[in-house]
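Step one of this worksheet: look at the structure below.
The values are calculated or read from the model by the stated rules, or taken from the named source; none is laboratory data. None of these values were measured; they are calculated from a predicted model. Here the Cβ is made from the backbone with ideal geometry for all residues, glycine too, and neighbour counts use every protein chain on show.
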Amino acid sequence: MRLLSNSVWNFAGGVVPTIAALLTVPIVVSRLGASQYGTLTLLTSIVGYFALLDINASAGALKYLAEYNARRDHLRTRQLFSLGLAIYLLVGGVGGVAIAVYARALATSVFNVPPGLQDEAVLALRYGGLAFLFAQVQTYLLSVPQSMQRFDVSARTEGIFGSLTSVSTLVVVLLGGGLVEITATRAAILVTNVAVLSGIVRQLIPGLRPAWPGRDVTRGLLTFSLFAYLSRFASVSYANADKLLISAYIDMKSLAVYTVPFLLANRAFSLTYRFGQVMMPEASRLNASGQLDQLRRTYLTSARYLMFLNAAISCLLIFFGRELLFYWAGPTFGREATVILALVATAVLFDSYTNLPSLVNDGLGAPANTGIFAFLRALLGLGAAWIGVHVGGIQGVAWAQLGMSVVMGLAFLAWVHGRVVPATLTEFLRAGVVPGLLPMAAALACTALFASHDPLPLAWLLPLAAALVLLLAAYAWAVVIEPPHRAALWWRLRGRPLVAPTLEP
């Protein structure tokens, strides 16, 4: 029950900010215009890329804070917390100063910011440097409640302050503000978030005070974080490198046309990822107690349902890509953006196939696998995106991302299954990948045939979307849901107490 509860809370912590972003982005884009919104995306990506300075010590803190807390080892808890906080203050300070110092060079020489927006972009970047400092501290402080299985606490703060970021941007734009006002407001929200989290941490760790870390604490945190950093490097590069290349070699309008479909797909898939995040501590627990058979069953069942959920989301995004972009973001996002959405949604789907195996792999104590593959994925993806932007523009970048997702995803799955993850690659493909192939093929075929057609009228859109959801649900009932679980669900749908057939916890 705790695993399910943490999954639901972790999911909820991402839902509210996602809804806020999806509701506010179209208005922000229309108010700012494609060029100014593209510049805002560029500034966000520049600040985001400086997160490469983060050695991902929060991952090591998550593991060891949980361990020390379970042992009631208060001294090491204080030592680890002090070490991690010092690391993130150092990273945030160095990165924030670097962003402020090089703001003008980045805005005027490195990237194609329109001349009329360059001075505004420079000042906005300097506010971004301040935001970077507090964003690093926020990242670390969030690991404390999560390490203590208080995902309800971390989810509430993520939901509230994540939503405030989107809502504040909308309010600033409606009041006539621009890039400077948006970034300054976001920095103020981060400062407030850190203050709130600091109070929460003091409640969760009574008697918290600075403590000089011992050698074993330092070695444990830095060793674990080393490989976790490689994964961090990959995620930051994946989220920002393609956008920086587009801004450097094309223009801000093209960046906006690429970014909006990318945002739509990634927001949707980030929610389902939060469902699976709790598998890392669960894998560690089952492994420590010698329950590898139970871990294998839980893993394959989770893969079956989570992977199909991701495939269903891809289908909806691809089937109704034209309409989503037209009615959500505006007429500017036409056929080219529709094709990009289909490519990006498929690429993110292939990436999602590696999420659960990565979490189980790390929970079993082999972060080198995920770190090295993620690092290679980032480097090869950057090279492919550079080729793509020169050969095919923004569509070339999207094709490059899809190609890397397929190649590196399959390579990672082949490597970890049977070596670390207690299931074969064939079992994983049969359970997690095959059930979603037919819906995905149908969705891609429809996009290829109808991407250039006019969007459907709104009066048709909602009934057709509801019909597709029902069709996917019927397919899931008949093909995806395992017979014992189908029997248990049918038992519950008939309003009977769950006694005979039961769902696994």
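Within region 86-102, the set of residues being part of a helix (DSSP H, G or I) and surrounded by fewer than 19 Cβ atoms within 10 Å (Cβ to Cβ) comprises Ala86, Leu89, Leu90, Gly93, Val94, Val97, Ala98, Ala100, Val101.
When the test is whether a residue is more than 21 Å from Val344 (Cα to Cα), surrounded by 11 or more Cβ atoms within 10 Å (Cβ to Cβ) and modelled with pLDDT of 85 or more, Ala414 passes it. Summed over region 147-177, the residues that are under 20 Å from Gly199 (Cβ atoms) and outside any helix (DSSP H, G or I) give a count of 3. Cβ-Cβ distances below 7 Å connect no pair with a first residue in region 454-467 that is of a type in the set (Val, Ile, Thr), a second residue that is surrounded by 13 or more Cβ atoms within 10 Å (Cβ to Cβ), and a separation of six or more residues or different chains.
The test for being surrounded by 21 or more Cβ atoms within 10 Å (Cβ to Cβ), modelled with pLDDT of 85 or more, of a type outside the set (Val, Ile, Thr) and out of contact with any Phe, Trp or Tyr (no Cβ under 8 Å at 6 or more places or on another chain) does not hold for Phe373.
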